[in-house]
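Novice: Take a look at this one; I'll ask things after.
Values in this text are rule-based calculations from the coordinates and carry no lab data. All of these numbers come straight from a predicted model, not from anything done at the bench. Here Cβ is always computed from backbone atoms with ideal geometry, including for glycine, and neighbour counts include all displayed protein chains.
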Amino acid sequence: MPILCLAVFPVASIARQTRSSMLEVICQDYIRTAWAKGLREGIIIMRHAIKNALIPVVTILGIILRYVVGGSVVIEIVFNIPGIGRLAVDSAVSQDYPVVQGIILLVAAIVVIINLTVDLLYGWLDPRTRYD
């Protein structure tokens, strides 16, 4: 039940964005050219369409992962699961500020790693966005 509560909105949002991006990319000229050349559907989808359609999906995924990290605190409290979020709340209530600061630093590091991963995926998905 906790996983369901934490994952329903993100999965639906990512699926909707993926579908929208794929429909937009499929209508592009270079996809029509690939169809006209006689390439198979699998090759067109995997080599041409997916990489371009995943750019907005990766952006949404990076944003949603930050909300999942923050939302896990609420899930741990509601379902009485021992974890870092519960430790943060218990430490804040008992005024154990070094523990709260450490947890906030850990969460901030996780968010920075997520943002770095999203930026690196941009360069892998679309070589035009790479820096020299």
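Novice: Any idea how far apart Ile14 and Asp96 come out in nm if each label point goes 7 Å out from Cα toward Cβ?
Specialist: 3.3 nm
Novice: Which value results when the Cα radius of gyration for the chain is divided by 2.2 N^0.38 Å? List each step's numbers first, then the result.
Specialist: Working: Rg = 20.2 Å, N = 132, 2.2 N^0.38 = 14.1 Å.
Normalised Rg, Cα atoms only: 1.43.
Novice: Below 12 angstrom from the Cβ of Glu76, what's the summed charge of the other residues (Lys, Arg +1; Asp, Glu -1)?
Specialist: Summing Lys and Arg as +1 and Asp and Glu as -1 gives 0.
Novice: Within the chain, which is the longest segment containing none of the chymotrypsin sites (Phe, Trp or Tyr not before Pro) that sit in a DSSP loop and have at most 16 other Cβ atoms within 10 Å? Numbers along the way, then the final one.
Specialist: On the way: sites that count: Phe79, Tyr131.
Longest gap between qualifying sites, sites excluded: 1-78.
Novice: A further question follows. How high is the FRET efficiency from Cys5 to Val118, r the C-beta distance, R0 22 Å, rounded to 0.05?
Specialist: Details: r = 25 Å, r/R0 = 1.11.
That gives a FRET efficiency of 0.35.
Novice: At 7 Å along the Cα-to-beta-carbon direction for both Ile55 and Leu105, put a label point, then send me their distance in nm to one decimal.
Specialist: So the two model labels end up 3.8 nm from each other.
Novice: Next question. Convert each backbone phi in segment 4-15 into a coupling constant with the Karplus relation 6.51 cos²θ - 1.76 cosθ + 1.60 (shift: θ = phi - 60°), then list the ³J(HN,Hα) values in order as whole Hz, x for Gly and Pro.
Specialist: Each residue's phi maps through the Karplus curve to give 4, 5, 7, 9, 4, 5, x, 5, 5, 5, 5, 5 Hz.
Novice: In degrees from 0 to 90, rounded to the nearest 10, what is the angle of the helix 50-78 Cα long axis to the longest principal axis of the chain?
Specialist: 20 degrees
Novice: Let me ask another. Using 7 Å Cα-to-Cβ label points, what is the Val89/Val74 separation (nm, one decimal)?
Specialist: Taking the two extended label points, one gets 1.1 nm.
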